[in-house]
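Below is one structure, written out as structure tokens; comments come after it.
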């Protein structure tokens, strides 16, 4: 029974609680987070590490008048529980429930949505600028993790924030360092003392400088003192990097000591200009399995709370794991192969490659733009880089893909993980745009495997090309158990006919092929004989096959788990138009022009109209209207 937590209706309720009650509340929040994520899955370890941090922030601030901008959103579960979302928290990441990230549509306490890293300082600086332009005085806070600081966007924001010198508080949640009680207590005391005395100390220094400048050789003494001060600070004061950016640096202190943090936050928000508070936290705190293995519980599927064991009973490897194993096999025979990840070695299946080829595996941190240009440099120097990045994060490196890779026609291979609908992580993580933003880039080959055996062969195919290539594949295991096929390249640009029929042709991409085959079986019982084609290549298209289907059958359905706008179906429509085949019946099934919510993937497929039933309905409609050039679902 969470007695204290159940009574929290808003963050204002924290102000009346004693310190001992706040510690009890922290324990209740941890229990609620563990209990919920055990059922729903989610980002457990990072959220367990920010419980006290969040309590202390909300105790000293006045949300939603004061703005707390959370980076990524992996840290916001406690924030949700303290901001009148307790009743909905049981449905975290479930269809129709709470988002696993902050969301402007969900609560006024979420002033800015998050899902991708390194965004919080930029957004918070925007809020601070708007506040100053309006002449108001609310406190603006950005909470950012140490991993997100590896992103160039965060450093760019620090640079401008230091230059503008607006009042802004950045809370650095550093969960990569262990916390010693002695170090934590002492640094907490010193940081609080520095914050308390900072204005007075600055005035005293200014008075002394004015006095020195009025005596002989005083100016030289001022410069000498400044040089000595800078040298000493660089030796003994942590955070000099942030001081050089123009921030007042406070810390590091124990990010689980509510009393120290509350006192420090109280003083920090009174300081003028940008302030960075450095907190040391423990990822997974309060739950032994997550403390022992924080990487395993960073983002987890449902598990047994008593021991942390995963509920899933899957026996087949995921696409990511097959990709990783295949890269290892290919690298045995090709010393040019190197692998690059942007803070996702485990998630993209490269953990085994890292063990076998540590000198050829590079994790660049949360810096996708750098990852792509780094790969371009490697390729230009004769290596064969494989860049493994989630589809939604690869969007961040769009310019680098065009300018640094494709324009120079460099043989960089993009392994685009988590393509299509990903489920509970929702709109910030669905990979629904990669076909659209890759297929129009010159020199680029774009492939989509329908199963893991095809994934292996496509990776081998990409290595035969002297130009950039992308292969995009879904999250999870997918269909087909027989994936350990020889690494034989596919014929470039050639689709595969999986079923032959005379009434309609269904040309599907990647993960949608299985639904197309199921739909063909249903249609056959309705007297409609369908050809099913596994497109394999989104670019180049198998033009000969598509044209022959258009001429011989006259009715085509394209199916993809990508945005309809500019996707595979658009490519087919363009081809038919270019060939003067505008009268062919064409239905394009794909993601509509909207952001898709979170929830079970099968339900989402039905919602957007790319499941078996949607294909059957589209086929029936098209067969009755083959004289209509384009059928819109």
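Throughout, read-outs are computed from the coordinates displayed, never taken from laboratory work. This structure is a prediction, so every number in the text was calculated from the model and none was measured. Virtual Cβ from ideal backbone geometry, glycine too; neighbours counted across all protein chains shown.
Details
- Overall shape: rounded for the range 319-472, with the ratio a/c of the largest to smallest alpha carbon gyration tensor axis below 1.5.
- For peptides 117-124, 336-343, 405-412, sequence by mean Cβ density within 10 Å, most packed first: 117-124, 336-343, 405-412
- Counting only alpha carbon atoms, the long axis of helix 152-164 and the longest principal axis of the chain meet at about 40°.
- With respect to the chain, whose longest principal axis is taken over its alpha-carbon atoms, helix 543-552 is tilted by about 50°.
- Relative contact order (%) - the chain, alpha-carbon pairs under 8 angstrom, separation at least six: 11
- Based on DSSP H segments of at least four residues, each scored -39500 (n - 2.57), the chain has a per-residue ellipticity at 222 nm of -12500 deg cm²/dmol.
- Residue order for 452, 621, fewest other beta carbons within 10 angstrom first, comes to 621, 452.
- With Cα atoms, 0 to 90° folded angle of helix 120-134 axis to the chain main axis: 60
- Take every Cα pair under 8 Å whose residues are at least 6 apart in sequence, average their separation, divide by the length of the range 496-631, and the relative contact order is 27 percent.
- Antiparallel DSSP beta bridges within the range 476-633, percent to nearest 5: 15
- Reported label for calculated log10 I(q)/I(0) by the Debye sum over Cα atoms at q = 0.08, 0.09, 0.11, 0.12 Å⁻¹ given [x] -0.60, -0.76, -1.13, -1.33; [y] -0.66, -0.84, -1.21, -1.37; [z] -0.66, -0.81, -1.09, -1.22: [z]
- For the range 548-600 versus the range 365-432, the gap between their alpha-carbon centres in whole angstrom: 25
- Report note on the peptides 594-600, 247-253, 506-512: ranked by the mean count of other C-beta atoms within 10 Å, highest first, their order is 506-512, 247-253, 594-600.
- Rounded if a/c under 1.5, otherwise prolate or oblate - the range 581-627, Cα gyration tensor axes: oblate
- Look at 473, 437 and count the other Cβ atoms within 10 Å of each Cβ; fewest to most, that gives 437, 473.
- Among beta bridges that DSSP assigns inside the chain, antiparallel share in %, nearest 5: 10
- Footprinting exposure proxy ranking of 254, 6, 417, fewest other C-beta atoms within 10 angstrom first, gives 6, 254, 417.
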